[in-house]
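What follows is a single structure, and I will ask about it in a moment.
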Amino acid sequence: MSSIDLDLTFQKINELYVQKEYEKAIENLDKILDIDPGNLVGIRNKGIVLVNLSKYEKAIEFIDHALEINPHDTENLIAKGIALELLGRHIDAISFYENALKIDKNNSEMLYNIGFQIIQLGGYKNSIPYFDRALKNNPKNPDAVAGKKLALDFLKNSKN
């Protein structure tokens, strides 16, 4: 498969992903990985699509393989954090989000994700600095606004 064919295939996979046709996206990713088993983009994308199919354990296998190839890829670190989060493994998710944050220190999404995981663990007060940092980087981040409000409301109501 030529690089032009690969580009067209990845474009098709992206279109299928946007249309939420995840099974068809997996079929196309499998074709790429049959030809080029070490294709990092294909491995990562399969892990991400598997997350969207709620196949978290299988997704982690692909994401781990992608991380073996490139341990500093923030997309893979984020994808693994999301899969772990959805498995209810909040402390593990925080670890991967923090690793992504070390690479991209001002990533508002990662700051929000860490704050939200801390809330999931009951650390309302400890989540606020993460939401504040996310809002400093992106004052209109609706998730960070909502997360901070949730934490503050809980703290306010727990004192009553």
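The values are calculated or read from the model by the stated rules, or taken from the named source; none is laboratory data. Since the structure is predicted, the reported quantities are computational estimates derived from the model, not experimental observations. Note that we place each Cβ from the backbone using ideal geometry, even for glycine, and neighbour counts take in every protein chain shown.
With the structure loaded, tell me whether L8 is out of contact with any helix residue (DSSP H, G or I) (no Cβ under 8 Å at 6 or more places or on another chain), of a type in the set (A, V, I, L, M, F, W, C), at pLDDT below 95 and in a helix (DSSP H, G or I) or whether it fails that test.
On the way: out of contact with any helix residue (DSSP H, G or I) (no Cβ under 8 Å at 6 or more places or on another chain): yes; of a type in the set (A, V, I, L, M, F, W, C): yes; at pLDDT below 95: yes; in a helix (DSSP H, G or I): yes.
Answer is yes for this residue.
Spot the failing condition for E75; the list is (1) within 28 Å of A144 (Cβ to Cβ); (2) at pLDDT 95 or above, and only one is missed.
Tallying (1) within 28 Å of A144 (Cβ to Cβ); (2) at pLDDT 95 or above, E75 fails exactly one: (2).
Step by step: first the residues of segment 119-160, then only those that are touching a Lys or Arg at 6+ places or on another chain (Cβ under 9 Å) and aliphatic (A, V, I, L, M), then the one that is surrounded by the fewest Cβ atoms within 10 Å (Cβ to Cβ). Which residue is that?
L155
Being at pLDDT below 95, buried (at least 21 other Cβ atoms within 10 Å of the Cβ) and over 30 Å from E21 (Cα atoms), is that true of even one residue in segment 94-107?
Yes; the residues of segment 94-107 include at least one that is at pLDDT below 95, buried (at least 21 other Cβ atoms within 10 Å of the Cβ) and over 30 Å from E21 (Cα atoms).
Give A79, A100 a once-over and let me know the one that is within 12 Å of the chain's Cα centre (by Cα) and in the same structural domain as Y17 (by TED's automatic domain parsing). Before the answer, list the steps.
Working: A100 fails: in the same structural domain as Y17 (by TED's automatic domain parsing).
Result of the check over A79, A100: A79.
Ok, one more. Within the bounds of segment 87-95, is there any residue that is in a helix (DSSP H, G or I), outside the structural domain of N28 (by TED's automatic domain parsing), of a type in the set (G, A, S) and out of contact with any Gly (no Cβ under 7 Å at 6 or more places or on another chain)?
yes
Please count how many residues of segment 60-81 are farther than 20 Å from Y112 by Cβ and either among the polar types (S, T, N, Q) or in contact with a strand residue (DSSP E or B) (Cβ under 9 Å, 6 or more places away or on another chain) (or both).
Total satisfying the criteria: 1.
Still on this model: Between a residue in segment 120-134 that is touching a residue at least 12 places away in the same chain (Cβ under 8 Å) and any residue that is assigned to a loop (DSSP other than H, G, I, E, B) and small (G, A, S), which pairs come within a Cβ distance under 9 Å, given they are 6 or more apart or on different chains?
Going by the 9 Å Cβ cut-off, the qualifying pairs are Q120/G88.
For segment 19-36, enumerate the residues that are closer than 13 Å to G47 by Cβ and touching a Gly at 6+ places or on another chain (Cβ under 7 Å).
Of everything in segment 19-36, those that are closer than 13 Å to G47 by Cβ and touching a Gly at 6+ places or on another chain (Cβ under 7 Å) turn out to be L29, L33.
May I pose another question? What number goes with the only condition from (1) modelled with pLDDT of 90 or more; (2) under 30 Å from K105 (Cβ atoms); (3) surrounded by fewer than 16 Cβ atoms within 10 Å (Cβ to Cβ) that N14 does not pass?
All conditions are met except number (1).
Separate question: What pairs can you find where one residue is in segment 71-85 and more than 14 Å from Y56 (Cα to Cα), the other is of a type in the set (D, E) and surrounded by fewer than 23 Cβ atoms within 10 Å (Cβ to Cβ), and their Cβ atoms are less than 8 Å apart, with a gap of 6+ or different chains?
Going by the 8 Å Cβ cut-off, the qualifying pairs are T74/D104.
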